[in-house]
Amino acid sequence: MEIKIVKRILAANDAVAEENRRAFSGAGVYVVNVMSSPGAGKTSLLERTLESLSGAARAAVIEGDIRTTMDAERLERFGVPIVQINTEPFGGECHLDAPMVRGALESLPLAELDVLFIENVGNLVCPAEFDVGADECVVVASVTEGEDKPLKYPLMFRVCDAVVINKTDLVEVLEFPLVRLRENIMTVNPAAEIFELSARTGDGVQTWTNHIRSGIKRKKTGDRSRPPENDRETG
């Protein structure tokens, strides 16, 4: 009986996710669902991304947290529309789901946007299970978390289109096995695009933002294909 209940919940979520997807497509908005464990650097990555896209793309953010508006407040300085979703009233859920995102869209000028970033609740399990209607799912993996996370949390890395390896400025200090992390990612998801960067120093961020610009362009032109190999971070 419990399995049937779970299936009904996911089916209902997926139906709303399809509604979200149609709304995004109708407005020509490229939507990126950013996920990670707490502290991996989602908000820092968004800060760098919004800074790079300023004046070039019209962006907005849906910010997900169990409590507080701290991350949303960090992004306010970029002058983009931000909608905060706190999941505490929903039972303290450790993820955003499609209905939550659907409710947030009522406060966003979709027709005036090029890209929408959804910063999901920090968690490497639950967010992977709930489709929200995004064009691209991204997981941010910090080098401070260890190289084993793709193997321990395979679903998260399997459902993602791209993996951002963050805090690469600490690789030498931590003697971090970066090659092994890449190998573990590819073991779980050989199709994943991998970007290595430091949101703190800005190193490697341009390649990531070029990827986002490419996604925006593809969405506007109706091209659903993946970007050419030379537009990706490969080494």
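Go through the residues of the stretch 79-92 one by one and say whether even a single one is in a loop (DSSP other than H, G, I, E, B) and under 15 Å from the mean Cα position of the chain (by Cα).
Looking for residues that are in a loop (DSSP other than H, G, I, E, B) and under 15 Å from the mean Cα position of the chain (by Cα), one finds none in the stretch 79-92, hence no.
Determine which member of the set 155, 197 is of a type in the set (A, V, I, L, M), out of contact with any Cys (no Cβ under 7 Å at 6 or more places or on another chain) and farther than 26 Å from residue 59 by Cα.
None of the other options fit; the residue is 155.
Check off (1) of a type outside the set (D, E, K, R); (2) open to solvent by 10 Å² or more (accessible area, probe 1.4 Å); (3) within 23 Å of residue 204 (Cα to Cα); (4) assigned to a helix (DSSP H, G or I) for residue 9 and give me the number that stays unchecked.
(3)
Could you grab me the full set of residues in the stretch 21-33 that are under 17 Å from residue 161 (Cβ atoms) and open to solvent by less than 30 Å² (accessible area, probe 1.4 Å)?
24, 29, 30, 31, 32, 33
One residue is enough: does the stretch 122-132 have a residue meeting the conditions over 23 Å from residue 39 (Cβ atoms) and in contact (Cβ under 8 Å) with a residue 12 or more places away in the chain?
Yes - at least one qualifying residue is present in the stretch 122-132.
Report, ordered by the first and then the second residue, all pairs with beta carbons closer than 8 Å, sequence separation of six or more or different chains, a first member in the stretch 156-168 that is more than 13 Å from residue 127 (Cβ to Cβ) and among the charged types (D, E, K, R), and a second member that is assigned to a helix (DSSP H, G or I) and open to solvent by 50 Å² or more (accessible area, probe 1.4 Å).
Partner pairs satisfying both residue conditions: 167/144.
Output the number of the condition that residue 83 fails; it satisfies all remaining conditions of (1) touching a residue at least 60 places away in the same chain (Cβ under 8 Å); (2) open to solvent by 10 Å² or more (accessible area, probe 1.4 Å).
Result: residue 83 passes all but (1).
Could you check how many residues of the stretch 185-213 are among the charged types (D, E, K, R) and open to solvent by less than 30 Å² (accessible area, probe 1.4 Å)?
Within the stretch 185-213, residues that are among the charged types (D, E, K, R) and open to solvent by less than 30 Å² (accessible area, probe 1.4 Å) number 1.
Residues that are open to solvent by 30 Å² or more (accessible area, probe 1.4 Å) and of a type in the set (A, V, I, L, M): list the helices (runs of 4 or more DSSP H) wholly contained in the stretch 95-184 that include at least 1 such residues.
149-152, 154-159, 171-174
Just checking, how many residues over the stretch 52-78 are in a loop (DSSP other than H, G, I, E, B), open to solvent by less than 50 Å² (accessible area, probe 1.4 Å) and farther than 23 Å from residue 207 by Cα?
Count: 0.
The values are calculated or read from the model by the stated rules, or taken from the named source; none is laboratory data. The structure displayed is predicted, hence computed values, not measured ones. Virtual Cβ from ideal backbone geometry, glycine too; neighbours counted across all protein chains shown. Quick note on the areas: whole protein, heavy atoms, side chains included, nothing else; ligands and nucleic acids left out. Shrake-Rupley method; radii C 1.70, N 1.55, O 1.52, S 1.80 Å.
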